[in-house]
Amino acid sequence: MPGPLHPPALAALLERRSVRPRRLVPPGPDATALDSIAAAGLRGIDHGALRPWRLLLVEDRELLATAFAAAERWLRPEADAQRLERAREKAQAGPVILALIARPVPDRPEVPEHEQWIAVGAAAQQMLLAADALGFAGSLLSGRKTEAPPLRAALGLDADERLVGFLTLGTPAEPTATKRPAPDPRRQWSSWP
């Protein structure tokens, strides 16, 4: 809640919540908003300014649905038709889907791979915060399917790239008020020595 201790920008950070794709409705961000969202991602912490990530805007949901079903079949060869259909349906949820792809830069000892992964996570968070600031909401969904060769192939990933997950963005179908109490921040830090 805004006030002397919680100015509006901090209040927005403290109140941000992920919204599941099935709870997102049109409109989603247009090209101008997506540019702003990506620009926010580029402002995340990034030692060496390597930008070890890229985005794919999913424009063909049916193609993504086919890739999701193929990934499900690869993960669970015994998957029945109902399970495959549920996998396909996930490609239809939410107005805008962006695939977030990590591409760590090799042979940079001054910027080890773990620091590059921090930059990818920071970019994802920045983009979700930017979407919220523009009046949208969203979430980052991942899971085992991100490693499935059929999904990787469908997205055209290079051997050195990893699918982090899917940023799904849109307008919340209902208010996104915090429903659960915030964790105690004092449990996350201590003093040293």
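Out of the residues in the range 34-55 meeting the condition of being under 16 Å from the mean Cα position of the chain (by Cα) and of a type in the set (Gly, Ala, Ser), tell me which one is surrounded by the fewest Cβ atoms within 10 Å (Cβ to Cβ). Among those residues, the one meeting the criterion is Ala39.
Per-residue answers, yes or no, for (1) touching a strand residue (DSSP E or B) at 6+ places or on another chain (Cβ under 7 Å); (2) closer than 15 Å to Val19 by Cα; (3) modelled with pLDDT under 95:
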residue	(1), (2), (3)
Glu85	no, no, no
Ala91	no, no, no
Val105	no, no, yes
Gln126	no, no, no
Ala137	yes, yes, no
Ala148	no, no, no
Asp158	no, no, no
Leu169	yes, yes, no
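Taken over the range 116-154, the criterion of being loosely packed, with under 14 Cβ neighbours inside 10 Å and either of a type outside the set (Gly, Ala, Ser) or not in a loop (DSSP other than H, G, I, E, B) (or both) is satisfied by Arg144, Pro149, Ala153. Within the set Val25, Val19, Val58, Val96, the sole residue that is surrounded by fewer than 17 Cβ atoms within 10 Å (Cβ to Cβ) and either closer than 23 Å to Leu169 by Cβ or of a type in the set (Val, Ile, Thr) (or both) turns out to be Val25.
A quick yes/no check of all residues on (1) crowded, with 20+ Cβ neighbours inside 10 Å; (2) more than 20 Å from the chain's Cα centre (by Cα):
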{"residue": "Ala81", "(1), (2)": "no, yes"}
{"residue": "Ala102", "(1), (2)": "yes, no"}
{"residue": "Val111", "(1), (2)": "no, yes"}
{"residue": "His114", "(1), (2)": "no, no"}
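Can you tell me which residue within the range 135-193, out of those that are under 20 Å from the mean Cα position of the chain (by Cα) and of a type in the set (Phe, Trp, Tyr), is nearest to Ala12 (Cα to Cα)? Residue satisfying both the conditions and the ranking: Phe136.
The values are calculated or read from the model by the stated rules, or taken from the named source; none is laboratory data. In this text, all values refer to a predicted model and were calculated from it rather than measured experimentally. Using ideal geometry, Cβ is built from the backbone for each residue, glycine included, and neighbour counts are taken over all protein chains shown.
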